[in-house]
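Notes to accompany the following structure.
The values are calculated or read from the model by the stated rules, or taken from the named source; none is laboratory data. In this text the structure is predicted, and so the values were computed from the model without any measurement. Methodologically, a virtual Cβ is constructed for each residue, glycine included, from the backbone with ideal geometry; neighbour enumeration extends over all protein chains shown. With ligands, DNA and RNA removed, areas are computed over all heavy atoms of the protein, side chains included. Shrake-Rupley method; radii C 1.70, N 1.55, O 1.52, S 1.80 Å.
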There are 2 protein chains.
Amino acid sequence: MKRSSPDVPLIECVPNFSEARRQDVIDALVSAIAAQPVHVLNVSSDPDHNRTVITFAGEPKPVVAAAFDVIAAAARLIDLTAHTGVHPRIGATDVVPFVPLRGISLEACAALAIRLGERVGMELGLPVYLYEAAARRPERRSLANIRRGGYEVLREDISSPSRTPDFGPLHLGSAGAVVIGARAPLIAFNAFLDTNSLGVARAVAHSIRESGGGLPYLRALGLLVGGAAQVSMNITDFRQTSLFRIMSAVRAAAAHHGAQIVRTELIGLIPQAALLDYAIESLQLPMATRDQVLEQCLGAATGDYRPVLFE
Amino acid sequence: MKRSSPDVPLIECVPNFSEARRQDVIDALVSAIAAQPVHVLNVSSDPDHNRTVITFAGEPKPVVAAAFDVIAAAARLIDLTAHTGVHPRIGATDVVPFVPLRGISLEACAALAIRLGERVGMELGLPVYLYEAAARRPERRSLANIRRGGYEVLREDISSPSRTPDFGPLHLGSAGAVVIGARAPLIAFNAFLDTNSLGVARAVAHSIRESGGGLPYLRALGLLVGGAAQVSMNITDFRQTSLFRIMSAVRAAAAHHGAQIVRTELIGLIPQAALLDYAIESLQLPMATRDQVLEQCLGAATGDYRPVLFE
């Protein structure tokens, strides 16, 4: 893989696939991506959710080409009619976000998403929904709205006016539909509680999430995973609602139900700034301590390091 | 400043000066360093301690030259007989550690320290003590042993056999003595408690530090700074005793005395890994999450970023 120049635009793509139990399928998906000149940065598979998240990055053209190729591969390899898992989903390739990393705007990423969506609809014959920054209907900015009821409900409702896809056919095959869009970097973070009560997981999720009147830029679901209560979270803007505030809210809400966090997990990648800011807040250091990180100072002085991508 | 090649050895020097209240003196010290082709990364002045820590880095030869020049400047500009401050000190330039950053060993840094010490003794006529990795007597590995009693006691005792300097004269002038050595990266971290009791600060410091039977690789002093109890800490190996363990120990020991941490501060710079590891431990994430930091993954893949210096 060639060393990329700092001036070249760089985007990230984080497709989510409805498969985590068949390693040969996961390998085939990774291979489809890696056949293009892009960097595969992370593969996170969750057997309980039966869901795999692959993070890759590179210049826009090969990243979009890799996204198309892997959507085609997933449609051949994953049968939604046989899929089980606790996470809401509507497609073999369930959702494909593009994220600007540097030298490119969110709007330009949305334009890439729309062109990819058109091609997936036409060439692969899959229904495509455009979401977040690429949405063409306001209610489709929300992924939850598009996925409501999952594959099983969408299969019945796809021809109703409110659920018409943005591209592709008006019927759902075994590969389901694909949601494609552009967004800011997102943190997917799950907390396991020391209880097997789905009710507690749901109550905690409801009280902390934006839609329940909790923290802005936080989505949360209460699930039962492997017999344990899990609060499954997406932080859509960690610069607005910090990981420290979120962790504090989960701890407090869990304590309110007599529960504690026993462990957490991160799905995919996390921007470095989110962890550094968490440490600074939790250590009760002033925010200006950000400027006292050795590698950042040295990088700024010598030009050896690049600054963190998201401040 | 030229962009340095990854193959060139890089060292850090973190001299501590007994002055924080006269900005013109601090400026003169920084200028003496910056006259050499090195990178000044941070200047931390604490008026209560009346102490300034300057962090600079570069190739060994100019870093050692800058260290010599700034020791000479401080000897001209700072009069220890007129110095007040709560922190133990014996010199205008109190301590000069060299830290290997990359492409050089701790032993090679110790050799640089010894040669600098010899030159400071001969050319500047200052008593010099060699410490940590550069120490020539086992009891002088410890900075606390060398500084015991501060400038005032050393002035009387310097000619006694146990306190004979490694280089330079057997008497202490107004610039005091200089402690020079080499060590691993150190974190200087202070916690302020919600009490004005020096006794509580000292009890907390005593219970958490290595010498009191507490955490290994942790030095701690209880001080009264601006009327508030302060636990002043040095972490000499954050890879052995993590910042999370230390923060937890300070919180627990303070709580034992009915006190709480109200804020903390970092003096100088901190290796990035110490903050990332703190975040991961505190968030109850598995340690393998280290490999899920976006910038690190991207840097490893594209060659744009260099890995963190201290794993």
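Worth pointing out:
- Counting only helices (runs of 4 or more DSSP H) that sit wholly inside the stretch B:205-311, those with at least 1 residues that are away from every other protein chain (no Cβ under 11 Å) and touching a Leu at 6+ places or on another chain (Cβ under 8 Å) are B:243-256.
- Near pairs, Cβ below 7 angstrom, 6+ apart or cross-chain, from the stretch B:107-131 (over 23 Å from B:I158 (Cβ atoms)) to any residue that is surrounded by fewer than 20 Cβ atoms within 10 Å (Cβ to Cβ): none
- Within the stretch A:286-298, residues that are touching a residue at least 60 places away in the same chain (Cβ under 8 Å) reach no partner that is assigned to a helix (DSSP H, G or I) with beta carbons closer than 8 Å at six or more positions or on different chains.
- Any chance B:S4 is within 11 Å of another protein chain (Cβ to nearest Cβ), in contact with a Ser or Thr (Cβ under 6 Å, 6 or more places away or on another chain) and at pLDDT below 95: yes
Per-residue answers, yes or no, for (1) open to solvent by less than 20 Å² (accessible area, probe 1.4 Å); (2) within 19 Å of A:P127 (Cβ to Cβ); (3) part of a helix (DSSP H, G or I):
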site: A:I11; (1), (2), (3): yes, no, no
site: A:L29; (1), (2), (3): yes, no, yes
site: A:I33; (1), (2), (3): yes, no, yes
site: A:P37; (1), (2), (3): no, no, no
site: A:F56; (1), (2), (3): yes, no, no
site: A:K61; (1), (2), (3): no, no, yes
site: A:P88; (1), (2), (3): no, yes, no
site: A:V95; (1), (2), (3): yes, yes, no
site: A:C109; (1), (2), (3): yes, no, yes
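- Hey, B:A201 in contact with a helix residue (DSSP H, G or I) (Cβ under 8 Å, 6 or more places away or on another chain), touching a residue at least 24 places away in the same chain (Cβ under 8 Å) and either open to solvent by less than 50 Å² (accessible area, probe 1.4 Å) or of a type in the set (K, R) (or both) or not: no
- Among the residues of the stretch B:160-170, not a single one is modelled with pLDDT of 95 or more, acidic (D, E) and closer than 17 Å to B:C13 by Cβ.
- In the stretch B:34-61, of all residues being more than 13 Å from chain A (Cβ to nearest Cβ) and free of Cβ contacts under 8 Å to residues at least 40 places away in the same chain, the one that is nearest to A:T302 (Cα to Cα) corresponds to B:Q36.
- Scanning the stretch A:215-241 for residues that are under 25 Å from A:E281 (Cα atoms), surrounded by 17 or more Cβ atoms within 10 Å (Cβ to Cβ) and not β-branched (V, I, T) gives A:L215, A:Y217, A:L218, A:R219, A:A220, A:Q230, A:S232, A:M233, A:N234, A:F238.
- Matching entry among B:L172, B:L186, B:L116 (being buried (at least 20 other Cβ atoms within 10 Å of the Cβ), of a type outside the set (K, R) and farther than 30 Å from A:Q292 by Cα): B:L172
- When the stretch A:189-212 is filtered for residues that are among the small types (G, A, S) and modelled with pLDDT of 95 or more, the ones remaining, listed by number, are A:A191, A:S197, A:G199, A:A201, A:A203, A:A205, A:S207.
- Taking the criterion of being among the aromatic types (F, W, Y) and within 15 Å of the chain's Cα centre (by Cα), the only residue of the stretch B:39-77 that qualifies is B:F56.
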